[in-house]
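Here's the structure we're looking at; comments come further down.
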Amino acid sequence: MYTRLQRETWLRHPPRATVPAALRPWLTDPGSLTARIRARCTDFRVRVISQRLKRPNRDEAWLLGLRAGELAWVREVLLVADGRAVVFARSVLPRHNLRGAWNLFHGIGARPLGAALFADPRIERQPLACIGLDRRDARYHRIAAALAGQGLPSRVWARRSVFLLNGRALLVSEAFAPAILDLPA
Ligand SMILES: C=C(O[C@@H]1C=C(C(=O)O)C=C[C@H]1O)C(=O)O
């Protein structure tokens, strides 16, 4: 049972005291992260790390209304700007939602998910929330491994939101690498 007390504290607004001012616009911009990065670099690529059926973590499963152990399509990618990874993104789609209108998920490949999400007027984005992950959290180490070569700060800030299409949910989480701050504000 994943109790209310065990649920994580995702914040609607990045705390001013602990989030670097230059990172705040990245955590709060409700538009496409792909578009925001593309506007600030010359060469943009999506590097797919994995995309397969697997068990989401407890917090993801709870948010998506999945039972413990239920499988979902999980896609992990790096967003790369001018050769440097700036975002580690993880998208979770409940298996039963794939039969619905989320079939875009399957064939997306190395194209950015955001380009499809923001092109379909039927898709609505729920509010963003953010969290600071530190070394006590397994996700911190997953991000560090994906960003191998970039030293991470003691706390990595991530954001997440649910995209709804005909009432069916897709959860997108994005963690920001230090290199994001080298892009123009
Ligand atoms: C949701 C967006 O799509 C981006 C691209 C992703 C992908 O290709 O898997 C995942 C999350 C985002 O960082 C966006 O651009 O805002």
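The values are calculated or read from the model by the stated rules, or taken from the named source; none is laboratory data. The structure presented is a predicted model; accordingly, all values stated were derived computationally and were not measured. Cβ atoms come from the backbone with ideal geometry, glycine included; neighbour counts cover every protein chain shown. With ligands, DNA and RNA removed, areas are computed over all heavy atoms of the protein, side chains included. Shrake-Rupley method; radii C 1.70, N 1.55, O 1.52, S 1.80 Å.
Given the condition without any contact (Cβ under 8 Å) to a residue 40 or more places away in the chain, more than 15 Å from the ligand (Cβ to nearest atom), in a loop (DSSP other than H, G, I, E, B) and among the aliphatic types (A, V, I, L, M), answer yes or no: does some residue in region 139-148 qualify? Yes, region 139-148 has at least one match. Among residues of region 37-66 that are in a loop (DSSP other than H, G, I, E, B), none has a beta-carbon under 6 Å from a residue that is open to solvent by 70 Å² or more (accessible area, probe 1.4 Å) and among the basic types (K, R) at least six positions away or on a different chain. The set of residues from region 28-58 being more than 10 Å from the ligand (Cβ to nearest atom), open to solvent by 60 Å² or more (accessible area, probe 1.4 Å) and not charged (D, E, K, R) comprises T28, A39, T42.
For every residue, the table says whether it meets (1) more than 7 Å from the ligand (Cβ to nearest atom); (2) in contact with a Leu (Cβ under 7 Å, 6 or more places away or on another chain).
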position: V77; (1), (2): no, no
position: D82; (1), (2): yes, no
position: A89; (1), (2): no, yes
position: V92; (1), (2): yes, yes
position: R95; (1), (2): yes, yes
position: L98; (1), (2): yes, no
position: A101; (1), (2): yes, yes
position: G109; (1), (2): yes, no
position: P112; (1), (2): no, no
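Of the residues making up region 75-97, just one is in a helix (DSSP H, G or I) and either β-branched (V, I, T) or buried (at least 20 other Cβ atoms within 10 Å of the Cβ) (or both), namely N97. When T18 is tested against (1) more than 13 Å from the ligand (Cβ to nearest atom); (2) closer than 23 Å to G149 by Cα, only condition (2) is not met. Being over 28 Å from A185 (Cβ atoms), open to solvent by less than 60 Å² (accessible area, probe 1.4 Å) and without any contact (Cβ under 8 Å) to a residue 60 or more places away in the chain is a description that does not apply to G100.
One residue stands out in region 153-185 among those that are of a type outside the set (K, R), open to solvent by 30 Å² or more (accessible area, probe 1.4 Å) and in contact (Cβ under 8 Å) with a residue 24 or more places away in the chain: the one that is farthest from the ligand (Cβ to nearest atom), namely P153.
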